[in-house]
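The values are calculated or read from the model by the stated rules, or taken from the named source; none is laboratory data. Model, not experiment: these values are computed from the prediction. Glycine also receives a Cβ, built like all others from the backbone with ideal geometry; neighbour counts cover every protein chain displayed.
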Amino acid sequence: IEYVTDYLNLIICYNKVSSDLVLINSIPKSNAYRINNLYLFSFFSSITFGLLLFIVIYIFYLKRIFNPINSLIENMGANIEYNLSYKFLYNKNDEIGILINSYNKMKSRINDLININYKTKIEQKELELKQLQNQINPHFIYNTLESIHMMAEINDDYETSIMAEYFGAIIRYSMNRKINTVKLKDEIAIIDNYIYLQKIRFDDLFTITNLISEDVLNCEIIKMIIQPLIENSINHGLSECSENGKIIIQSFVIDGNLILTISDNGIGMDEKTLKSLNDYINGKNEAFKGIALRNINKRLKLNYGNEYGLEVCSVKDKGTSISITLPYIINNN
């Protein structure tokens, strides 16, 4: 086969068709190129169509795989995580279905554990608290104290009358569980009643000086956090003082915090005992039996954050100071 071209035609010669015959075919170049272009167009069209079809199928399968996964991720991150009984629905029994079913089983198991270990314990604690509360009828206490108060007045025993009145006020204040926070001045009023009762009990063996600034009397504090600390100073700090015992209550505002201190000039404690006490207050040991200081510290942290709480400072034979740190919040209501 030979190819001969001129300007317009493509001439194809087929030699040795026979001994005496030579076949010559002349094709216009335009026709030859048109056929060639048609083949090329068909070839590339098929490639393009196949590629597009592959992309469509690929995207379809990607969506089929990732849509359930994305929905599962949204389910994990959404607010429904707080409702552990909610189940993510997926009806296909493929790998994604196995994953989702495992996730649903995990949530169900966690929900069961919470019900068993958390809710049950809370119900037990509430039941125990109600049982303790039912053992003491507060109205019976109030009525009895009021009867003592009235009988003392009738018999002109005014000191006993005042003691019954003040003690009744303290009981009402401490047993009112509907109120958790109060103004500082309300706490001080109850403390004054408590101090009056303690001075009668100890026959004025010590003095208690209140140096709380009037500027902080409207600050919001947790109820019943000062009185137990004064009681601690009386029963421990001044336990060996026969006279000239002193307790000073002070307030400071530092860096947006309200600092309340209860200081005494009692027996104090050495550094080892002091460190052990502060560790006990923060739940790091069980070296002491009393729970008042630890409970107050825990209440402060639960209400305001871990940066707040109690700290005890003391010097042997010099005295002890307990500091309460809480946020400086003014309550003008």
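Return yes or no: is LYS301 in contact with a strand residue (DSSP E or B) (Cβ under 6 Å, 6 or more places away or on another chain), over 26 Å from ASN193 (Cα atoms) and of a type in the set (D, E, K, R)?
Details: in contact with a strand residue (DSSP E or B) (Cβ under 6 Å, 6 or more places away or on another chain): yes; over 26 Å from ASN193 (Cα atoms): yes; of a type in the set (D, E, K, R): yes.
Yes, satisfied.
Does ILE247 satisfy the condition of being surrounded by 15 or more Cβ atoms within 10 Å (Cβ to Cβ), in the same structural domain as ILE296 (by the TED database) and in a loop (DSSP other than H, G, I, E, B)? Spell out how you get there, then give the answer.
Working: surrounded by 15 or more Cβ atoms within 10 Å (Cβ to Cβ): yes; in the same structural domain as ILE296 (by the TED database): yes; in a loop (DSSP other than H, G, I, E, B): no.
Considered against the rule, which asks whether it is surrounded by 15 or more Cβ atoms within 10 Å (Cβ to Cβ), in the same structural domain as ILE296 (by the TED database) and in a loop (DSSP other than H, G, I, E, B), ILE247 comes out as no.
Could you please give the count of residues in the range 261-304 that are part of a loop (DSSP other than H, G, I, E, B) and closer than 30 Å to THR207 by Cβ?
Total meeting the criteria: 10.
How many residues are under 25 Å from THR160 (Cβ atoms), of a type in the set (Lys, Arg) and either surrounded by 14 or more Cβ atoms within 10 Å (Cβ to Cβ) or modelled with pLDDT of 90 or more (or both) if we restrict to the range 181-211?
1
Could you identify the single residue in LEU99, LEU72, LEU84, LEU129 that is at pLDDT 70 or above and among the hydrophobic types (A, V, I, L, M, F, W, C)? Steps first, answer last, please.
Numbers: LEU72 fails: at pLDDT 70 or above; LEU84 fails: at pLDDT 70 or above; LEU129 fails: at pLDDT 70 or above.
Result: LEU99 is the single residue among LEU99, LEU72, LEU84, LEU129 that is at pLDDT 70 or above and among the hydrophobic types (A, V, I, L, M, F, W, C).
With the structure loaded, tell me whether LYS178 is at negative phi, modelled with pLDDT of 75 or more and surrounded by fewer than 13 Cβ atoms within 10 Å (Cβ to Cβ) or whether it fails that test.
On the way: at negative phi: yes; modelled with pLDDT of 75 or more: yes; surrounded by fewer than 13 Cβ atoms within 10 Å (Cβ to Cβ): yes.
In short, yes.
Filter the range 139-193 down to the residues that are among the hydroxyl-bearing types (Ser, Thr, Tyr) and closer than 23 Å to ILE262 by Cα and list them by number.
Our first condition is that a residue be among the hydroxyl-bearing types (Ser, Thr, Tyr); within the range 139-193, this holds for 142, 144, 147, 158, 160-161, 166, 173-174, 181.
Once the filter is applied, which keeps residues that are among the hydroxyl-bearing types (Ser, Thr, Tyr) and closer than 23 Å to ILE262 by Cα, the range 139-193 yields TYR166, TYR173, SER174, THR181.
Against the condition more than 24 Å from the chain's Cα centre (by Cα), surrounded by fewer than 19 Cβ atoms within 10 Å (Cβ to Cβ) and assigned to a loop (DSSP other than H, G, I, E, B), how does CYS241 come out, does it pass? Give the steps one after another, and end with the answer.
Numbers: more than 24 Å from the chain's Cα centre (by Cα): yes; surrounded by fewer than 19 Cβ atoms within 10 Å (Cβ to Cβ): yes; assigned to a loop (DSSP other than H, G, I, E, B): yes.
When the stated conditions are applied, CYS241 passes them.
If you go through the range 304-327, how many residues are surrounded by 15 or more Cβ atoms within 10 Å (Cβ to Cβ) and either in contact (Cβ under 8 Å) with a residue 40 or more places away in the chain or touching a helix residue (DSSP H, G or I) at 6+ places or on another chain (Cβ under 7 Å) (or both)?
15
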